[in-house]
Amino acid sequence: MATRFRQGAGRLSLDFVRTFRFRGTDHPIEELPDLAAVTVWIDQCVPHAEGPTGATGAAEARAVREAIHELITAAWRGERISAAARDLVNGAAARPVPVPRMDAGGGVRWHADDLVSAALALLARDALELVASPHLARLRKCAGTGCSALFLDLSRPGKRRWCSMDHCGNRAKKETLRRHAGRS
Ligand SMILES: [Zn+2]
């Protein structure tokens, strides 16, 4: 399976939100510039989902993503979401989600008539569930330099600092080691 996109934020909606990297800085990176990228993301992050694409485009996916980001960050800060973003998230959540279907060979796939729309429905529902759940208190912003990705810290001590040990965690450790080495 392809692993082009970063995962491991603890929620599907949080992994989706981070496809716009370095949000809020002057050098953001858009990882979902077109429909092809959106379908690769779905293929990697929404297991066993399939269906035709085309009816719902990348611009709509990005708009729902930014509304989900606003929803989650507003709830986290105890602020109110804008009506426009709320409507976008609610509208996406109300759409049909993929449904399981067994093929002649006995395999089960999750089918959608409009794959992108169905994935956005899953993502919007996941985000709404998150802001209504006690897990919201476990939302963290990555301490990695310039990262600022949101992730859910479900560890028992609740002191996780990085979105992933593979990337930001390791880099921070190496920076610390370098600093110590420079001092000796
Ligand atoms: Zn990070």
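Each residue of the stretch 95-105 was assigned a 3J(HN,Hα) from its phi angle through the Karplus expression (A = 6.51, B = -1.76, C = 1.60, θ = phi - 60°), giving 6, x, 9, x, 10, x, 8, 8, 8, 4, x Hz with x at Gly and Pro. The Cys residues in the chain with no partner Cys Cβ within less than 4.7 Å of their Cβ are Cys45, Cys168. Per residue, the convex hull spanned by the Cα atoms of the chain measures out at 158 cubic angstrom. The amide H of Ala149, built 1.01 Å from its N in the peptide plane, has Cys142 as neighbours under 5 Å, considering only residues 5 or more places off or on other chains. Note on the chain: antiparallel DSSP beta bridges, both residues inside, total approximately 80 percent of the bridges counted. Taking each DSSP H run with n ≥ 4 as -39500 (n - 2.57) and averaging over every residue of the chain yields -13500 deg cm²/dmol at 222 nm. With the convex hull drawn over the C-alpha atoms of the stretch 1-85, the volume per residue is 116 Å³. Per-residue Karplus couplings for the stretch 17-27, computed as 6.51 cos²θ - 1.76 cosθ + 1.60 with θ equal to phi - 60°, are listed in order as 4, 7, 6, 10, 7, 6, 4, x, 9, 8, 9 Hz, Gly and Pro entered as x. Using only the C-alpha atoms, the convex hull of the stretch 82-184 corresponds to 186 Å³ per residue. Summarising the overall dimensions of the stretch 140-184 from its C-alpha atoms, the Rg and Dmax are 11.9, 37 angstrom. The distance linking the stretch 1-59 with the stretch 146-184 is 24 Å (Cα centroid to Cα centroid, whole angstrom).
Where a number appears in this text, it was derived from the coordinates with a stated rule and is not lab data. Because the structure is a prediction, the values reported are computed rather than measured. Backbone-built Cβ (ideal geometry, glycine too); neighbour counts: all protein chains shown.
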